[in-house]
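So the structure is just underneath, and the comments pick up after that.
The values are calculated or read from the model by the stated rules, or taken from the named source; none is laboratory data. In this text the structure is predicted, and so the values were computed from the model without any measurement. Glycine gets a Cβ as well: all are built from the backbone with ideal geometry, and neighbour counts include every protein chain shown.
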Amino acid sequence: MSGNDSNKKFYNTVPLDVFQSLTRQGGFDECIDLELIEKHIAASATIMEVGAGYGRCVDFLLTKKQDAKILAVEQSPQFSKVLSEKYKNQSRVQVIHEDIKTLVVSDTLDIVLWLFSGLLDFSKEEQPIVMKRLRSFLKNEGKLFIDIPQLAELTVAKYTSAQDIVMETPYGNISTFLPAFKDIEVYALQAGFSKVSVIHYLTTTQKKRSIFMLEV
């Protein structure tokens with residue numbers, strides 16, 4: 001297995017409370033990332049979240065975006081079940097149990113959110129390929145938001161090289177590749193995005209992060 005396939009054991013076995021504790025350690029439980037980009041998604045009718053987990057972002061969107069259709073994409077069977085049960089009576093949320101590498105969407109979207117380091121689960125070779133797929137999901141003037149740690153920022157994981165990071169856990173190890181700003185720019189150009197901008201910020205636990213906004 002390579003890329004995100006090698007990390008699936010972790011997402012398929014990590015207990016929900018442990019995963020939620022990682023969110024709190026990262027300083028995301030108050031949705032500071034979403035607060036920062038809210039103004040950019042305010043007029044959106046359709047929003048996809050890649051890697052919806054236990055519904056942190058979906059909950060925020062339901063609170064802030066009263067009319068948007070939300071597609072919650074999650075490859076993990078256990079988290080897909082959590083999402084399906086949580087939103088079974090919420091008509092605006094469609095839970096999709098699928099890997100983003102094989103997902104097909106019938107209608108183009110206004111916004112795609114890929115937050116909480118989701119891009120890092122893919123190898124250096126896979127990242128531009130998946131980014132191109134996400135570009136194909138977007139309408140003209142659509143936007144893709146990607147959130148990642150800043151390069152060399154210390155995390156709960158350890159660096160094995162300048163851009164390769166491994167997190168060892170009892171539920172399986174996570175091997176990741178952390179792209180630099182220049183890598184994101186290259187991916188965006190190859191995928192057909194017209195503009196890349198970035199928001200640097202600190203989470204509530206003082207972790208240095210960057211949100212990239214890629215515009216069609």
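Residues that are aliphatic (A, V, I, L, M) and outside any strand (DSSP E or B) were ranked within the range 131-150; the one that is surrounded by the fewest Cβ atoms within 10 Å (Cβ to Cβ) is Leu134. Take the conditions (1) touching a strand residue (DSSP E or B) at 6+ places or on another chain (Cβ under 7 Å); (2) part of a strand (DSSP E or B); (3) within 25 Å of Ile32 (Cα to Cα); Glu153 misses just one of them, which is (2). Against the condition hydrophobic (A, V, I, L, M, F, W, C), farther than 27 Å from Asn140 by Cα, touching a strand residue (DSSP E or B) at 6+ places or on another chain (Cβ under 8 Å) and in a helix (DSSP H, G or I), how does Leu36 come out, does it pass? Answer is no for this residue.
Would you say Ser123 is surrounded by 15 or more Cβ atoms within 10 Å (Cβ to Cβ), part of a loop (DSSP other than H, G, I, E, B) and at pLDDT below 95? Judged against the criteria, Ser123 is a match.
Look at the range 168-197: where a residue is loosely packed, with under 14 Cβ neighbours inside 10 Å and a partner is among the acidic types (Asp, Glu), sitting 6+ places away or on another chain with Cβ atoms under 7 Å, you get Ser194/Glu215; Lys195/Glu215.
What number of residues within the range 135-164 satisfy the criterion of being modelled with pLDDT of 90 or more and of a type in the set (Val, Ile, Thr)? The qualifying residues number 2. Considering the range 68-120, and only residues there that are acidic (Asp, Glu) and in contact (Cβ under 8 Å) with a residue 60 or more places away in the chain, the residue that is surrounded by the fewest Cβ atoms within 10 Å (Cβ to Cβ) turns out to be Asp107.
For the range 48-58, the criterion of a residue being outside any loop (DSSP other than H, G, I, E, B), over 30 Å from Glu168 (Cβ atoms), of a type outside the set (Val, Ile, Thr) and modelled with pLDDT of 95 or more is satisfied by at least one position.
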